[in-house]
Amino acid sequence: MSDPTEADGIAGAGEAAEPAQPANGGTGERRVRVVLVDDHRMFRTGVQAEIGQTAETGVEVVGEAADVDQAVTVITATRPEVVLLDVHLPGGGGVEVLRRCAPLMGDADRPVRFLALSVSDAAEDVIGVIRGGARGYVTKTITGTDLVDSVFRVQEGDAVFSPRLAGFVLDAFASTDAPPVDEDMDRLTQREREVLRLIARGYAYKEIAKQLYISVKTVESHVSAVLRKLQLSNRHELTRWATARRLV
């Protein structure tokens with residue numbers, strides 16, 4: 001996951017977020033109601049500051065949620081046009097939100113459309129939420145201006161993807177074969193998979209903690225759990241294991 005506080009990405013807490021450029025040329029004609037679903041409050045605050053200046057962007061943030069149950073409640077109550085949905089959430093993840101909101105997505109008169117906004121660029125995450133009904137998938141390195149544009153495109157019914165992620169979807173739906181089951185990966189939680197990938201990419205514990213908004217001790221606990229579940233001895237073996245499965 002790329003750090004959401006990167007200079008070219010969405011502003012994080014503590015940064016002075018530059019307002020996104022008007023998606024409608026400043027005319028105020030286009031409007032879209034949005035719900036933010038992400039378990040990191042600081043990130044939600046950054047997104048709100050970046051795109052939620054309605055007079056400039058046309059985006060009105062009408063609700064926020066930090067887990068699956070909150071998301072379903074808020075989305076049902078507010079009926080937004082677009083939901084910005086994180087993939088990894090307490091309570092079952094973004095796929096569970098999509099499953100429980102399927103009737104809203106299928107409403108012919110007032111469809112609720114979902115755009116995944118995640119730190120993960122893993123193929124299985126992308127394919128999972130698209131199969132669940134999301135209209136697109138972008139990563140958290142996206143700029144505020146591009147995110148506003150993506151939200152309006154999804155509202156209009158378009159499919160939107162970060163460039164390299166579109167290939168995952170095309171490959172997945174071009175094949176009739178189900179992806180092979182990896183029993184070892186199935187033993188890991190979503191958070192453990194995130195930590196695994198970052199470790200395999202050479203990130204230090206402090207860097208991982210910063211990117212995932214968790215403590216260094218929590219990172220250490222996740223690494224210990226991953227090593228135990230995969231029956232590996234150290235991070236070097238873990239890196240080789242992940243590389244062999246093309247997870248890096």
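Filter the stretch 123-138 down to the residues that are basic (Lys, Arg) and assigned to a helix (DSSP H, G or I) and list them by number. Can you show your working first?
So in the stretch 123-138, the residues basic (Lys, Arg) come out as 131, 135.
The answer is ARG131, and nothing else.
Determine, yes or no, whether VAL68 is β-branched (Val, Ile, Thr), open to solvent by less than 20 Å² (accessible area, probe 1.4 Å) and touching a Lys or Arg at 6+ places or on another chain (Cβ under 6 Å).
On the way: β-branched (Val, Ile, Thr): yes; open to solvent by less than 20 Å² (accessible area, probe 1.4 Å): yes; touching a Lys or Arg at 6+ places or on another chain (Cβ under 6 Å): no.
For VAL68, the condition - β-branched (Val, Ile, Thr), open to solvent by less than 20 Å² (accessible area, probe 1.4 Å) and touching a Lys or Arg at 6+ places or on another chain (Cβ under 6 Å) - is not met.
Of a type outside the set (Lys, Arg), open to solvent by 30 Å² or more (accessible area, probe 1.4 Å), modelled with pLDDT under 90 and under 30 Å from VAL219 (Cα atoms): which single residue out of VAL181, VAL129 fits that description?
Working: VAL129 fails: open to solvent by 30 Å² or more (accessible area, probe 1.4 Å).
Matching residue, one of VAL181, VAL129: VAL181.
Taking the stretch 140-151 as the region of interest, how many residues are surrounded by 21 or more Cβ atoms within 10 Å (Cβ to Cβ) and not in a loop (DSSP other than H, G, I, E, B)?
Here the count works out to 5.
How many residues does the stretch 86-126 contain that are open to solvent by 30 Å² or more (accessible area, probe 1.4 Å), among the acidic types (Asp, Glu) and touching a strand residue (DSSP E or B) at 6+ places or on another chain (Cβ under 9 Å)?
1
Output the residues belonging to the stretch 195-248 that are of a type in the set (S, T, N, Q) and either within 17 Å of MET185 (Cβ to Cβ) or part of a helix (DSSP H, G or I) (or both).
GLN211, THR218, SER221, SER224, GLN231, THR239, THR243
Inspect the stretch 228-243 for any residue being of a type in the set (S, T, N, Q), modelled with pLDDT of 90 or more and either surrounded by 12 or more Cβ atoms within 10 Å (Cβ to Cβ) or closer than 19 Å to SER118 by Cβ (or both) and give the result as yes or no.
Kept after step one, since they are of a type in the set (S, T, N, Q), are these residues of the stretch 228-243: 231, 233-234, 239, 243.
The next check asks that each one be modelled with pLDDT of 90 or more; those that pass are none.
Checked against the condition, which is being of a type in the set (S, T, N, Q), modelled with pLDDT of 90 or more and either surrounded by 12 or more Cβ atoms within 10 Å (Cβ to Cβ) or closer than 19 Å to SER118 by Cβ (or both), the stretch 228-243 yields no hits at all.
The values are calculated or read from the model by the stated rules, or taken from the named source; none is laboratory data. All of these numbers come straight from a predicted model, not from anything done at the bench. Glycine gets a Cβ as well: all are built from the backbone with ideal geometry, and neighbour counts include every protein chain shown. For accessibility, only protein heavy atoms count, side chains too; no ligands or nucleic acids. Shrake-Rupley method; radii C 1.70, N 1.55, O 1.52, S 1.80 Å.
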